[in-house]
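Engineer: Structure provided below as structure tokens; questions to follow.
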Amino acid sequence: MVGVDATPHLSASAPVTIAVTLIEAPGRGWVADAVEIGAVAQGSTQAEAISNLRELIRTYPEVLDDIRAESARRVELVTV
């Protein structure tokens with residue numbers, strides 16, 4: 001997972017950083033899970049799973065609408 005700040009009220013073309021959890025699915029590759037936006041993609045490698053997630057977001061950019069509209073947002077990694 002990655003943690004960074006996002007600028008409030010981003011334009012539709014502004015890049016957005018989201019937290020993505022990579023999960024190994026033995027015998028099936030990797031899953032890239034972006035819980036915050038409700039998006040999941042799979043690939044045979046970590047890089048392919050992330051690439052497929054990016055493609056999903058390019059195809060359905062509206063999944064980022066809520067994040068772009070938030071006035072205060074911070075993604076942090078927390079160890080428990």
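The values are calculated or read from the model by the stated rules, or taken from the named source; none is laboratory data. It should be emphasised that the depicted structure is a prediction, and the values quoted were computed from it without experimental measurement. Glycine gets a Cβ as well: all are built from the backbone with ideal geometry, and neighbour counts include every protein chain shown.
Engineer: Give the range 1-22 a look and list any residue that's assigned to a strand (DSSP E or B) and either basic (K, R) or at pLDDT 90 or above (or both), or say none.
Structural biologist: Across the range 1-22, the qualifying residues are T21, L22.
Engineer: Which of the residues spanning the range 54-68 are over 11 Å from A39 (Cβ atoms) and crowded, with 17+ Cβ neighbours inside 10 Å?
Structural biologist: Result: R68, single match.
Engineer: Residue by residue through the range 23-80, note down the ones that are small (G, A, S) and either in a loop (DSSP other than H, G, I, E, B) or at pLDDT below 90 (or both).
Structural biologist: Matches in the range 23-80: G27, G38, S44, A69, S71, A72.
Engineer: Which number in (1) crowded, with 17+ Cβ neighbours inside 10 Å; (2) touching a Ser or Thr at 6+ places or on another chain (Cβ under 9 Å) marks the one condition that V75 misses?
Structural biologist: (1)
Engineer: Tally the residues that are among the small types (G, A, S), farther than 20 Å from V63 by Cα and surrounded by fewer than 14 Cβ atoms within 10 Å (Cβ to Cβ), restricting the search to the range 11-53.
Structural biologist: Number satisfying all stated conditions: 4.
Engineer: Quick one: which of E55, E48 is under 21 Å from E24 (Cβ atoms), out of contact with any Phe, Trp or Tyr (no Cβ under 9 Å at 6 or more places or on another chain) and among the acidic types (D, E)?
Structural biologist: Result: E55 is the single residue among E55, E48 that is under 21 Å from E24 (Cβ atoms), out of contact with any Phe, Trp or Tyr (no Cβ under 9 Å at 6 or more places or on another chain) and among the acidic types (D, E).
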